[in-house]
Amino acid sequence: MIAALAAAAVLAQGGFELPDLPPIKREPQVTYVDRAGAVLGVRGGRYGPPVDLARLPAYVPAAFTSIEDRRFWEHTGFDPMGMARALVAGIEAGRPTQGASTITQQLARNLYLNADRTMERKARELLYAVQLERTYSKKQILGLYLSRVYFGSGAYGLEAASQRFFNKPAAKLSVGEAAQLAGLLKSPTNYNPVEQPEASQARTRLVLDAMVETGAITPAQRAKALAAHPRVWKTAPNAPAEYFVDWLDAQARRLAGTPRQDLIVDTTLDLRMETAAAESARATVSRYSKQGASQAAVVAVDGFGRVRVMVGGVDYASGPYNRAADAHRQAGSAWKPFVYLAAMEAGRTPDTLAVDEPVTIAGWSPRNYEQGFAGAITLEQALAHSINTVAARLADEVGRPTVAGAAHRAGIVSAVNTDPAMALGTTQVTPLEMTSAYATFANGGYRAQAYGVERIRTSGGQVLYQHRLVQPAPAVGNPALGELNRMLRTVIASGTGTKAAIPGYDLAGKTGTTSDYKDAWFCGFTGGFASCAWMGRDDGAPMRRITGGMAPAELWRGFMVQALKRTPVMAIPPGPQPPAPVAAPAEAVT
């Protein structure tokens, strides 16, 4: 501190030659937004663009200057009075008790220096601070400072902190929220409003007192702010969408090239749907944790292929592995619609009779989930109650390669095995491709190629890429599609999927459980909207008798109750409709 005062004295007399300022470098950021413009995530550089003070309520920057640097608008980069005050307080206490760095000094350290506590570094900090003041306006300095300071919880800069803790842009911060963020800077760990709420409140009160003392707010505004109780988000409100952003990031960069400026990617995701899916996934896994469930994934795709939801796990912070897009798991009986589709295309109908009885195919004898055999039943009954013997014989009769072809036409992209057990879902697939395939059933039989990028633009508005629309080719014809959908409605109405039923909606779907209980699924749809829920474990260990008609059906229903409020209510098409435009990749446009 004494060295800093000495350097300040020499500076005041013009005894130092000021250094040239190195260029201020900032890597471009790519901001991903949902279909309504809500921020989903940011990739690229750590720091955002300088904060535009003109777009903020006056009390927001005042909260920071009041507690960090009251003489910011008067000093020339350093504050000798503040230094002397801090020195006296430290001598009286026998240890340093107050900081004396101005906002400009803190910015100089952030831009050009490290945090070493040496006299040389402090002297250079002062020199750079004075040169910053001579080069930039006070508003520019404060805006740059607010874009770079660390607020904890991974948030660098005011805008990121406002979104992280309050789920709102900085321009909409209240007086109390602004004071709470300003109070964080002294120690993002000790004053974190999530981890240390009482310390954060005490620090906020101190900031509000300082704002009254500096005239930034009135005592009445202070009292109102103290009486308010802003909601602080324990986890980032857009955390579930980070799986989706990770999935899209490489795609977006291929489409736009290496960004040389900040970019905005308009996506297909619906953040409110995503949040509902994530909450349902966490709640259901928690409810069934004693039975061995530890992970879940949820995907929703509309009839045009737009990915509306992609929840890749129950906690992104603990591990970003995306089970929705990257985990290949056995589909169990959720695979059977492809078997029955091939059978309908081969001339069977839902009323065709089959016999549930012991069967052996190439030395393999499938077993049903329930003990015993039902005898003569219709194919509709067999699918509704997920009878394994009937599905296995049906696939053998129509040809397993034919079943594989039907699955690929619907939207399955993974390799499909053709051994006898494939009829029961031994092929490993991702929740994303299963949802895309079910979306083909939901939209009248057209291949719903899943995509997530609608548009890429610069922060200045120049469009670099626009997803174009093309006419789709039908993948599934009638009467087969209409007959399949009739049977899948029965699954929910009276079969294994009754827990997924939502009164008043036209729904269809299929449960899926692997023979060893390692995977449990529910995939379903309404008109123009499909979604799949998967539950299991990352270590591949079996769960304890969790079936697709239990936890996944409950998860799916919990999500769909909310999702159906945000999607047009449509009946499931009885068969192919007139071609509708479906989004397909296009070349980048400039």
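Please treat every number below as a calculation from the coordinates, not as lab data. On a predicted model such as this, the values are computed, not experimentally measured, just so you know. Every residue, glycine among them, receives a Cβ derived from its backbone with ideal geometry; neighbour counts consider all protein chains shown.
Here are the numbers:
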read-out	value
Asp506-Ser494 pseudo-label distance in nm [points 7 Å out on the Cα-to-Cβ vector]	2.0 nm
Extended-chain gain in nm, criterion 0.36 nm per residue less alpha-carbon gap, Asn110 and Trp364	84.6 nm
Bridge type composition, the chain - antiparallel percent by DSSP, nearest 5	90 percent
Within segment 104-209: Cβ-based charge dipole about Cα centre, in debye rounded to nearest 20 (Lys, Arg +1; Asp, Glu -1)	260 debye
Unit charges at the beta carbon, dipole of the chain: most positive-side option, Ala362, Ala343, Pro479	Pro479
Partners for Lys499 among aspartates and glutamates (Cα-Cα distance below 17 Å; same-chain residues under 8 apart left out)	Glu554
Signed unit charges on C-beta, dipole axis of the chain, positive-most listed residue Ala239, Ala374, Thr490	Ala239
Calculated log₁₀ intensity ratio I(q)/I(0) where the Debye formula runs over C-alpha points of segment 338-397, q = 0.25 Å⁻¹	-1.06
Computed Kirkwood radius, in angstrom, where 1/r is averaged over Cα pairs of the chain	27.1 Å
Cβ-placed point charges (K, R +1; D, E -1), dipole of the chain about Cα centre in debye, nearest 20	940 debye
Sequence ranges 123-131, 514-522, 526-534, ranked by mean other-Cβ count within 10 angstrom, highest first	526-534, 514-522, 123-131
Range of Cα positions in segment 162-290 per principal axis (Å), largest first	52, 50, 24
Gain on full stretching of the segment that runs from Lys224 to Ser318 - 0.36 nm per residue minus C-alpha separation	30.1 nm
Protection-proxy order for peptides 296-305, 325-334, each taking the mean of Cβ atoms within 10 Å per residue, highest first	296-305, 325-334
Gln291 versus Lys565: modelled label distance in nm, points set 7 Å from Cα along the beta carbon direction	2.7 nm
Inter-centroid distance (Cα atoms) of segment 420-466 relative to segment 520-547, Å	17 Å
Cα-centre dipole for segment 373-481 with unit charges at Cβ (Lys and Arg positive, Asp and Glu negative), debye to 20	460 debye
Members of Lys234/Lys336; Lys172/Lys565; Lys122/Lys168; Lys25/Lys122; Lys186/Lys290 lying beyond 32 Å, as alpha-carbon distances in this model show	Lys234/Lys336; Lys122/Lys168; Lys186/Lys290
Ordering of 548-557, 349-358 by packing [mean C-beta count within 10 Å, highest first]	548-557, 349-358
